[in-house]
Amino acid sequence: MSDRPRRVSVLGSTGSIGQSTVDLLRRHRDEFVIEALTANRNAVLLAEQAKALGARFAAVADPADYPALKEALAGSGIAAASGRAALVEAAERPADWLMAGIVGAAGLEPTLAAVRCGRIVAFANKEVLVSAGTLFMREVAAHGATLLPVDSEHNAIWQCFDFTRTDGIEKITLTCSGGPFRQRSYDEMRTATPAEAVAHPTWRMGAKISVDSATLMNKGLEIIEAHHLFRLPSEKIDTVIHPQSIIHGLVTYRDGSVLAHLGSPDMRTPIAYALGWPGRAAAPSKRLDLAEVGQLTFELPDPRRFPALRLAREALRAGTGAPTVLNAANETAVHAFLEERIGFLDIAATVERTLELLPGGRLESLDDVYDLDKAARAAAARLIAALA
Ligand code: NDP
């Protein structure tokens, strides 16, 4: 760890990633100064976190929650703000390290703002890279920003990946728990409820990523994320189901050596690695006891029961705007499923149909990304309305 307190901001501090980050920051209270925290609507938790950490600035995305935030922060000396511009301000305030922990493409604008300030960005918000990958990475390079992968699989690969001799790397493998429906038949999944879909067997996460894990879209999004982070084509990014979630990622070298990263399934470990980088910060995660785990098992994902994985690969191969459409349609469909407006199998079906209607198109600028994202959400919403 550095010898002066580092200034840190957390976008999405009230979420699952955000709360794990705040937990670590509380444990390392003397090593960090907290600049800004943000949420969407959870003003009460945001204010509590801001006061506990002595943050300088707290912002909610939804202006309707501003009065509650202002009231909860009254007398604390912490500045309160709301709206999209306030999230951008939170991202632009001076910080040595920023957690990008918002869920969905809603995180694009503030995360991009941090990138344009040349920040070190601990990167969890994978939808940003799926939606705007090539253009986003261009901004990272242009502004000298640094992305530290936080997604457990990408964090694992990062720790095993020889960036100085990438010609020796044959492929990487992202592991996948298989989600709560790993052993369900296609027909059984037809009646799956939101409560069953978010009951992940090994990880505790936000609702959206939990549903993505149940459809395996999460692994598809991660393939696209890995493509951008590690500059590898789809053919060099493998996935394997590993129900115990102990091995998080593997790198296969051309001499046949395979380097794997292991750890208990607790996001505080990858977040701590990003927080301590280039050193290591202590994390309280349960230490791995292989004898207690007993068995590590592996199987291939079933493309028939989990079509989302195929759709994501096809979108990556198609390039242009297809991943933008894939992500926007998926966010819209997952939201509708969580509100019980469509069934579980309708999620992937909606994404597939939206991709047929809007196969992509060239993305020359970030405005093109925003426009295509909006068009894909509208197309998916029409399909969903027709289903309902
Ligand atoms: P959560 O739903 O738990 O939290 C999301 C956070 O973003 C909350 O702070 C939420 O605020 C805020 N937020 C939601 N919508 C908006 C919006 N429109 N504008 C601004 N802020 C918003 O998500 P997770 O923490 O599970 O996931 C965050 C990201 O990290 C996702 O991209 C996910 O894929 C990725 N990730 C998550 C992992 C995990 O273990 N959870 C593992 C690996 C990656 P509020 O609380 O007010 O709603």
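Coordinate-derived values only; no laboratory data. Small disclaimer: the values here were computed from a predicted structure and weren't measured. Here the Cβ positions follow ideal geometry from the backbone for every residue, glycine too, while neighbour counts run over all protein chains shown.
Report the trypsin sites (Lys or Arg not before Pro) located in the stretch 128-187 that are in a DSSP loop and have at most 11 other Cβ atoms inside 10 Å of their Cβ, or state none. Intermediate results must be reported in sequence, preceding the final value.
Values: sites: ARG138, ARG165, LYS171, ARG182, ARG184; in loops: ARG165, ARG182, ARG184.
Taking the stretch 128-187 and a limit of 11 other Cβ atoms within 10 Å, the loop trypsin sites (Lys or Arg not before Pro) found are ARG165.
Let me understand the chain better: what is its radius of gyration from the alpha carbons, and its Dmax, in angstrom?
Gyration radius and largest Cα-Cα distance of the chain: 20.2, 62 Å.
Rank the residues HIS200, HIS154, HIS248 as a footprinting-exposure proxy: fewest other Cβ atoms within 10 Å of their Cβ go first. Numbers along the way, then the final one.
Numbers: HIS200 19, HIS154 27, HIS248 24.
With the sparsest Cβ surroundings first, the list reads HIS200, HIS248, HIS154.
What value, in deg cm²/dmol to 500, does the helix sum -39500 (n - 2.57) over DSSP H runs of n ≥ 4 give at 222 nm once divided by the residues of the chain?
On the way: 17 runs with 183 residues, N = 388.
The helix contribution divided over the chain gives -14000 deg cm²/dmol.
Which of the GluC sites (Glu not before Pro) found in the stretch 308-347 are loop residues per DSSP with 11 or fewer other Cβ atoms within 10 Å of their Cβ? Intermediate results must be reported in sequence, preceding the final value.
Numbers: sites: GLU314, GLU331, GLU339, GLU340; in loops: GLU339, GLU340.
Passing both the DSSP loop test and the Cβ count: GLU339, GLU340.
Please name whichever of ALA105, ALA43, THR354 sits farthest to the positive end of the charge dipole of the chain, dipole taken about the Cα centre and charges placed at Cβ: Lys and Arg +1, Asp and Glu -1.
Value computed over the given set: ALA43.
Please count, across the chain, the pairs of lysine residues with Cα atoms under 26 Å apart that sit 8 or more places apart or on different chains.
15
Running Debye on the stretch 1-143 with equal point scatterers at the Cα sites and no solvent, what base-10 log of I(q)/I(0) appears at q = 0.10, 0.19 Å⁻¹?
-0.29, -1.05
Out of the trypsin sites (Lys or Arg not before Pro) in the stretch 328-376, which ones are loop residues according to DSSP with at most 15 other C-beta atoms within 10 Å? Display every interim value, and only then the final one.
Working: sites: ARG341, ARG353, ARG362, LYS374; in loops: ARG341, ARG362.
Taking the stretch 328-376 and a limit of 15 other Cβ atoms within 10 Å, the loop trypsin sites (Lys or Arg not before Pro) found are ARG341, ARG362.
Would you work out the charge dipole size for the stretch 128-259 about its Cα centre, treating the Cβ of every Lys and Arg as +1 and the Cβ of every Asp and Glu as -1, and quote it to the nearest 20 debye? Can you show the working numbers first?
Details: 12 positive and 15 negative charges, 24 e Å.
Here the size comes out at about 120 debye.
In debye to the nearest 20, how big a dipole does the stretch 20-137 give about its Cα centre with +1 on each Lys and Arg Cβ and -1 on each Asp and Glu Cβ?
Taking the Cα centre of the stretch 20-137 as origin, the dipole is about 60 debye.
Could you check which residue among ALA43, ALA197, ALA141 shows the biggest mean-square fluctuation in a GNM of the chain with a 10 Å Cα cutoff?
ALA141
Provide the percentage of antiparallel DSSP beta bridges, counting only those with both residues in the chain; round to the nearest 5. Numbers along the way, then the final one.
Numbers: 11 of 40 bridges.
If I count the DSSP bridges inside the chain, around 30 percent turn out antiparallel.
Across the stretch 240-256, in residue order, what do the Karplus-derived ³J(HN,Hα) couplings come to in whole Hz, using 6.51 cos²θ - 1.76 cosθ + 1.60 with θ = phi - 60° and x for Gly and Pro?
Those phi angles translate into 9, 7, 9, x, 7, 6, 9, 8, 9, x, 9, 10, 9, 9, 6, 8, x Hz.
Roughly how big is the stretch 261-357's charge dipole about its Cα centre, with Cβ charges of +1 (Lys, Arg) and -1 (Asp, Glu), in debye to the nearest 20? Please list the in-between numbers first.
Details: 11 positive and 12 negative charges, 67 e Å.
Roughly 320 debye, rounded to the nearest 20.
Comparing ASP238, ASP162, ASP255, which has the greatest mean-square fluctuation in the GNM of the chain with Cα pairs linked when under 10 Å apart?
Among ASP238, ASP162, ASP255, the largest GNM mean-square fluctuation belongs to ASP255.
If you plug each phi of the stretch 350-366 into the Karplus form 6.51 cos²θ - 1.76 cosθ + 1.60 with θ = phi - 60°, what whole-Hz ³J(HN,Hα) values come out, in order, with x for Gly and Pro?
Using θ = phi - 60°, the values come out as 5, 5, 4, 5, 5, 5, 5, 6, 10, x, x, x, 6, 10, 8, 9, 5 Hz.
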